[in-house]
1. Consider ASP99 carefully, then state whether it is open to solvent by 80 Å² or more (accessible area, probe 1.4 Å), out of contact with any Ser or Thr (no Cβ under 6 Å at 6 or more places or on another chain), free of Cβ contacts under 8 Å to residues at least 40 places away in the same chain and farther than 28 Å from GLY21 by Cα.
2. Would you tally the residues in the stretch 115-140 being loosely packed, with under 10 Cβ neighbours inside 10 Å, among the polar types (S, T, N, Q) and not in a loop (DSSP other than H, G, I, E, B)?
3. For GLY73, are the conditions met, namely being part of a loop (DSSP other than H, G, I, E, B), among the small types (Gly, Ala, Ser) and either open to solvent by less than 60 Å² (accessible area, probe 1.4 Å) or touching a helix residue (DSSP H, G or I) at 6+ places or on another chain (Cβ under 7 Å) (or both)?
4. Yes or no: the stretch 48-56 includes at least one residue that is part of a helix (DSSP H, G or I), without any contact (Cβ under 8 Å) to a residue 40 or more places away in the chain and of a type in the set (D, E, K, R).
Amino acid sequence: RFEAGGYDDAFRYANKAAELGDAGAHYQLSCFIYEGRVVEKDEKKAVYHLEQAAIGGHPLARYNLGANEKNNGRMDRAVKHWIIAAKLGCDASLDAVKDIFRVGLVTKDDFASALRAHQAAVEATKSPQREAADEEARKE
């Protein structure tokens, strides 16, 4: 239904879940609000929901906060967000940390630490069931 344009219902359910503290719901709300779907576009509210999602451990929210900080000229804060998200297993954040390591904004030790933690997080999510599901999805 979401794909068919049921944004009103999706927004309402995400809002209820966010009120209950669901990090994924906060992330979805940030997307709705930032894009101006269902509600008026409001960057402050979108960032608020990204922050709530990041506090709840949502890696993509943390990555997006880093991008927002970079766009606002606060690279030091962006780096911190990306390192945290990379350690949670976010590939995009690891790429961002790698890029900023190459230009000297991250130490070798910090990059190595983020890389090790990223690998551990990714490894922790592996299971025979997930691998079988991935294999089935590739067949379709």
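The values are calculated or read from the model by the stated rules, or taken from the named source; none is laboratory data. The model shown is predicted, which means the values in this text are computed figures rather than measured ones. Note that each Cβ is placed from the backbone with ideal geometry, even for glycine, and that neighbours are counted across all protein chains shown. Heads up: the accessible areas ignore ligands, DNA and RNA and are worked out on the full protein's heavy atoms, side chains in. Shrake-Rupley method; radii C 1.70, N 1.55, O 1.52, S 1.80 Å.
1. Values: open to solvent by 80 Å² or more (accessible area, probe 1.4 Å): yes; out of contact with any Ser or Thr (no Cβ under 6 Å at 6 or more places or on another chain): yes; free of Cβ contacts under 8 Å to residues at least 40 places away in the same chain: yes; farther than 28 Å from GLY21 by Cα: yes.
Taking the combined requirement at face value, the residue satisfies it.
2. Total meeting the criteria: 1.
3. no
4. Yes.
The rows are residues; the columns are (1) more than 14 Å from the chain's Cα centre (by Cα); (2) open to solvent by less than 40 Å² (accessible area, probe 1.4 Å).
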position: GLU35; (1), (2): yes, no
position: ARG62; (1), (2): no, no
position: LEU65; (1), (2): no, yes
position: ASN68; (1), (2): no, yes
